[in-house]
């Protein structure tokens with residue numbers, strides 16, 4: 001801890017703000033001792049009144065007036081001020097005034113005292129000086145100034161009074177000695193106090209810095225721990241997803257093997273039967289129909305696999321065109337008029353507002369594929385009842401295509417995974433589950449590609465409602481009124 005110079009200027013390594021706070025801290029830490037010293041000063045000044053009575057009986061009342069009406073009241077006023085906040089800032093100034101008032105009151109007594117008893121009061125000035133440096137703990141600068149002021153007054157009194165030279169020299173010698181000892185003790189004492197203060201404050205600052213660093217480290221460790229926990233949770237989730245994906249892929253491969261092998265066996269078997277020349281023509285047509293339907297089924301499986309591969313690789317291209325939405329409904333109805341697409345003969349109805357058939361702008365092929373996939377599922381899982389295919393315009397800026405059925409419905413649990421790849425539901429239902437579990441995944445992907453949104457509403461035993469909401473973009477010549 002470095003302090004240098006006569007007035008304790010801090011070195012460059014010590015912040016100046018620490019030095020500036022020393023005054024307040026030194027007063028506050030020693031306030032009880034200061035108050036005790038003031039009370040002791042009052043008692044000593046009052047006690048030495050006895051000396052006045054015996055040494056100058058003709059002046060003791062005058063001296064008592066100085067003691068009890070000037071010095072002691074002033075000291076008590078300073079004692080009272082010590083309980084106010086201003087004392088923390090100006091405490092050294094008030095203590096210095098106590099020393100000046102006490103010292104000059106004694107010098108005034110010397111001025112009016114007979115020569116034969118003056119030496120007694122000369123000692124009183126030295127006592128005031130020593131009391132200021134020891135009990136009042138005047139700091140170096142204040143102590144030095146008070147010492148000079150008292151010494152100057154002391155010398156002026158000696159010069160003005162009829163005192164012999166030997167006595168003057170003797171008194172001055174003791175006064176200078178007391179002043180020198182007091183100033184040196186004040187200097188080294190204050191220097192020690194300042195070093196202790198600066199060391200304490202520096203340690204407090206370092207402690208706060210250390211606590212801040214520790215807190216920062218704890219926060220960083222906590223943040224790292226939290227991130228590691230999140231990463232572990234993500235890894236666990238990823239592992240779970242990977243395991244689930246592996247299970248789905250295994251199920252998909254097994255199911256795909258079955259789905260491909262079944263129509264292939266039918267095709268190969270009936271092809272071999274048709275090679276017999278003795279087969280009847282009616283029976284031959286029946287077998288050819290079976291071969292045809294199984295070929296369509298096999299082609300659908302291959303198309304689904306190709307579509308999901310293109311979607312996965314991001315190589316699907318969108319070709320939007322202008323067309324009327326009623327054209328989509330008509331083509332889907334024509335497609336499901338065949339026995340292959342509707343083997344159970346389910347009633348398929350169409351619904352759409354013919355009065356507002358404005359052209360829309362989107363990918364016609366993707367939209368047809370979406371509606372066909374949804375309609376296939378509706379027909380497949382509707383043993384009896386009907387399927388409705390249509391569109392509606394609830395808002396001017398959007399159009400909603402829908403496929404409603406009265407089939408077996410989808411449970412809430414299955415609705416959470418219905419659009420996942422390789423997923424099939426209603427496994428335990430009596431309805432056969434043909435396909436590889438890619439139809440709805442492809443449907444959702446295609447819906448996203450044409451900037452649409454798919455919505456499912458269903459309950460077991462109550463059928464399913466699929467809705468496709470698309471942004472409405474008109475051709476320049478279309479009627480844009482709702």
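The values are calculated or read from the model by the stated rules, or taken from the named source; none is laboratory data. None of these values were measured; they are calculated from a predicted model. All Cβ positions, glycine included, derive from the backbone under ideal geometry; neighbour counts span all protein chains shown.
Miscellaneous remarks
- The residue pairs whose first member lies in segment 437-448 and is on the phi > 0 side of the Ramachandran plot and surrounded by 21 or more Cβ atoms within 10 Å (Cβ to Cβ), whose second member is at pLDDT below 85 and assigned to a loop (DSSP other than H, G, I, E, B), and whose beta carbons are closer than 6 Å, counting only pairs six or more residues apart or on different chains, are 437/422; 437/423; 437/424.
- The number of residues in segment 147-159 that are modelled with pLDDT of 85 or more and surrounded by fewer than 14 Cβ atoms within 10 Å (Cβ to Cβ) comes to 3.
- Boolean, residue 415 is farther than 22 Å from residue 327 by Cβ and either touching a residue at least 24 places away in the same chain (Cβ under 8 Å) or crowded, with 19+ Cβ neighbours inside 10 Å (or both): yes
- Residue within segment 435-457 that is in the same structural domain as residue 406 (by TED's automatic domain parsing), touching a helix residue (DSSP H, G or I) at 6+ places or on another chain (Cβ under 8 Å) and modelled with pLDDT under 65 present: yes
- Pairing residues of segment 174-187 that are within 18 Å of residue 119 (Cα to Cα) with residues that are buried (at least 20 other Cβ atoms within 10 Å of the Cβ), at Cβ distances under 6 Å and at least 6 apart in sequence or on separate chains, gives 175/154; 178/126; 178/129; 179/147.
- Hits in segment 70-100 - residues which are within 48 Å of the chain's Cα centre (by Cα) and either part of a helix (DSSP H, G or I) or touching a residue at least 60 places away in the same chain (Cβ under 8 Å) (or both): 86, 87, 88, 89, 90, 91
- Any chance residue 333 is in contact with a strand residue (DSSP E or B) (Cβ under 9 Å, 6 or more places away or on another chain), surrounded by fewer than 18 Cβ atoms within 10 Å (Cβ to Cβ) and under 30 Å from residue 469 (Cα atoms): yes
- Here residue 57 meets each of (1) out of contact with any helix residue (DSSP H, G or I) (no Cβ under 8 Å at 6 or more places or on another chain); (2) surrounded by 13 or more Cβ atoms within 10 Å (Cβ to Cβ); (3) modelled with pLDDT of 80 or more with one exception, condition (2).
- Where residue 27 falls short, out of the listed (1) at pLDDT below 90; (2) in contact with a helix residue (DSSP H, G or I) (Cβ under 7 Å, 6 or more places away or on another chain); (3) surrounded by 11 or more Cβ atoms within 10 Å (Cβ to Cβ); (4) over 18 Å from residue 134 (Cβ atoms): (4)
- Matching residues in segment 445-464 - criterion: being under 38 Å from the mean Cα position of the chain (by Cα) and part of a helix (DSSP H, G or I): 445, 448, 449
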